[in-house]
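Written out below as structure tokens is the structure these notes cover.
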Amino acid sequence: MTIKNFINGKFENPIHKHWIDNYCPANGEVYGKTPNSSKEDVEKAYQSAQSAFRLWSQTTLDERSRILIKISELLEANIQRFAEAESKDNGKPVSLAAAVDIPRAASNFRFFGNAITQFASESHESVGQNAINYTLRQPLGVVGCISPWNLPLYLFTWKIAPAIAAGNCVVAKPSEVTPMTAYLLGEICNKAGLPKGVLNIVHGMGTTTGQAIIEHPSIKAISFTGGTATGAHIARIAAPMFKKLSLELGGKNPNIIFADCDYDEMLKTTVRSSFANQGQICLCGSRIFVEASIYDKFKIDFVAKVKELKLGHPSEASTDIGAIVSKQHLEKVLTYIEIAKQENGKVLCGGQKVTIEGFENGYYLQPTIIEVDTDECSVNQEEIFGPVVTIMPFKNEDDVLEMANKVKYGLSATLWTDNLKRSMTMSNELQVGIVWVNTWMLRDLRTPFGGVKASGVGREGGFEALRFFTEAKNVCIKY
Ligand code: NDP
């Protein structure tokens, strides 16, 4: 399977014919190749986007909306095909991709197809001065969208949909580790009648293709989701060129469990918030803090439930936990498990690489629970981004709040309590961008999404995304 770039509505080989092997994590085999696009490919994509911009930015909102909704419908009609491709590329269970990733990618297009028809700007009457101000919200021009491997199409489209809805043209790069569904998206965009050049997809390594996008002097904004170190690098390059930046970065999210919560609901959801997508979701609650009075009970019940999870080939319907995305990532996660042991962590379950018959070279790792005796150990402070969680008890609200906030990240937090006052005061105090109380990953696409501290700058979602992808211009008319 040879993946190609999607430029000006056409599928093309990279100019310099540089390719990267594409691996299937479920069996460790190379099953295709992906372009490692150069600066020249990115320039070609930029030129195509720039040529399409004038017409697209003047296309009526109804027409843009119609096309985005058509893309959404075509994705929905192809859920199984896309889910299988996503799973093969990423290692996640096909069932998960079919239930979450691909439907959400379709929702992203539908949501922003609708949202753009409701997006309004302000006007300000300068009372006593016979003047009226109105604000134009104009598209930026050509923008860059760069996304990671954990939720490939889901996060890729979360950026592209608002960018094109707002009238921009896009040069986009998916992670080179998971390029397949982005490649398939090009075909759907053509079928939906998206004009040529509005969306251009260039594949390749972050350090070559990604770098060329962020360095491009005429790309006006970068919307990036990925690791914190990459985000900092992008900011260093892009900020002196005054590009607009939206950076959704890493997380080390606390899952705080009080004794007064709905225990069964909490337990069920905590298994999911710990290990969904092999723990490779920036929102996973990887630091579990449990009120001391229920700690021992929780520990026994949680370990028992996690041991019931079925680890297996991603295409089997009964699989709960599929493969880790890559060999390098598997090794990184295993290194953290070793570090945890050296730092006095006690592995309560999991911790081992697993061999699955018939797929011996696949990247499988047991879901792992580590009991830690301090919140300051490395596994409690650093993002592992795999099926590994820590657990430890806490005494009271102040105690847990201090630990929850004592990390460099600030993406999300989950609170389990039936006490309304506590849920509201703690939500005020938690240094994060998103708090879930008595639930996890319940998403409403209108809400602002993003983190504080090293988890990023800017907000995606709803009108926040449309504001990011537009420039406000005030017009003042004296009458
Ligand atoms: P990376 O930061 O390694 O990569 C993200 C994207 O950036 C990839 O497409 C990558 O390319 C590209 N990239 C890498 N280097 C550069 C560069 N110099 N210039 C431009 N682009 C570059 O993250 P991962 O793909 O490993 O994703 C995991 C990370 O993403 C985790 O830290 C996770 O927390 C974070 N994340 C954050 C979310 C949020 O909303 N806050 C949501 C999901 C994930 P390539 O991989 O092809 O080399």
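Laboratory data are not the source of any read-out in this text; all were calculated from the coordinates shown. All values derive from a computational prediction rather than experimental measurement. Reconstructed Cβ throughout: ideal geometry from the backbone, glycine too, with neighbour counts over all protein chains shown.
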Query raised in the report: Using the alpha-carbon atoms, what tilt in degrees (0 to 90, nearest 10) does helix 152-165 show relative to the longest principal axis of the chain?
Result: 30 degrees
Query raised in the report: FRET efficiency for Gln381 and Lys305, Cβ-Cβ distance as r, R0 = 30 Å, nearest 0.05?
Result: 0.70
Query raised in the report: In nm², what is the average projected area of the convex hull enclosing the Cα atoms of segment 343-479?
Result: 14.2 nm²
Query raised in the report: Taking a label point 7 Å from the Cα of Ser427 along the Cα→Cβ vector, which residues of segment 251-289 have an amide N closer than 20 Å to it?
Result: 253-263, 265-267, 269-270, 273, 283-285, 289
Query raised in the report: Under the classification rounded if a/c is under 1.5, otherwise prolate if a/b is larger than b/c and oblate if not, where does the chain fall, given a ≥ b ≥ c as square roots of the Cα gyration tensor eigenvalues?
Result: oblate
**Report entry** Length-normalised contact order for segment 103-220 - Cα pairs under 8 Å, 6+ apart - percent
**Finding:** 26 percent
Query - Least to most buried among Lys33, Lys173 (fewest other Cβ within 10 Å first) - result: Lys33, Lys173
Report task. Positive end of the charge dipole of the chain (Lys, Arg +1 and Asp, Glu -1 on Cβ, about the Cα centre): tell me which of Leu330, Tyr46, Phe463 has its Cα farthest that way. Result -> Tyr46
Query raised in the report: Expressed as a rounded percentage, what relative contact order does the chain have, with Cα pairs under 8 Å and six or more residues apart?
Result: 19 percent
Requested in this report: Return the FRET efficiency for the residue pair His124, Lys39: r is the Cβ-Cβ distance, R0 is 45 Å, and the value is rounded to the nearest 0.05.
Outcome: 0.55
Report task. Over every pair of different alpha-carbon atoms in segment 309-404, take the mean of 1/r and invert it; report that Kirkwood radius in Å. Result -> 14.5 Å
Query raised in the report: Could you give the angle, 0 to 90 degrees to the nearest 10, between helix 39-57's Cα long axis and the longest principal axis of the Cα atoms of the chain?
Result: 60 degrees
Query raised in the report: How far is helix 102-118 tilted off the main Cα axis of the chain, in degrees rounded to 10, range 0 to 90?
Result: 40 degrees
**Report entry** Sorted by Cβ neighbour density within 10 Å, fewest at the top, the residues Ile237, Ile257, Ile222
**Finding:** Ile237, Ile222, Ile257
Query raised in the report: Ranking Arg54, Arg287, Arg81, Arg104 by Cβ neighbours within 10 Å, fewest first, what do you get?
Result: Arg54, Arg81, Arg104, Arg287
Report summary line: Per the charge dipole of the chain (beta-carbon charges, Lys/Arg positive, Asp/Glu negative, Cα centre), the residue among Gly204, Ala165, Trp436 reaching farthest to the positive end is Ala165
Report task. Take segment 78-200, compute every pairwise Cα distance, and split them into 5 Å bins from 0; I just need the percent in each bin. Result -> 2, 11, 18, 20, 16, 10, 7, 5, 4, 3, 2, 1, 1, 0
Report task. Can you tell me the relative contact order of segment 328-479? Whole percent, Cα pairs under 8 Å, sequence separation 6 or more. Result -> 15 percent
Query raised in the report: For the pair Lys408 and Asp373, what calculated FRET efficiency results from E = 1/(1 + (r/R0)^6), where r is the Cβ-Cβ distance and R0 = 22 Å, to the nearest 0.05?
Result: 0.55
Query raised in the report: Considering only the chain, what is the antiparallel percent among its DSSP beta bridges, to the nearest 5?
Result: 45 percent
Query raised in the report: So, in Å, what gap is there between the alpha-carbon centers of segment 1-48 and segment 287-308?
Result: 45 Å
Query raised in the report: Based only on Cα atoms, what Rg/Rh ratio does segment 1-140 have, Rh being taken as Kirkwood's radius?
Result: 1.12
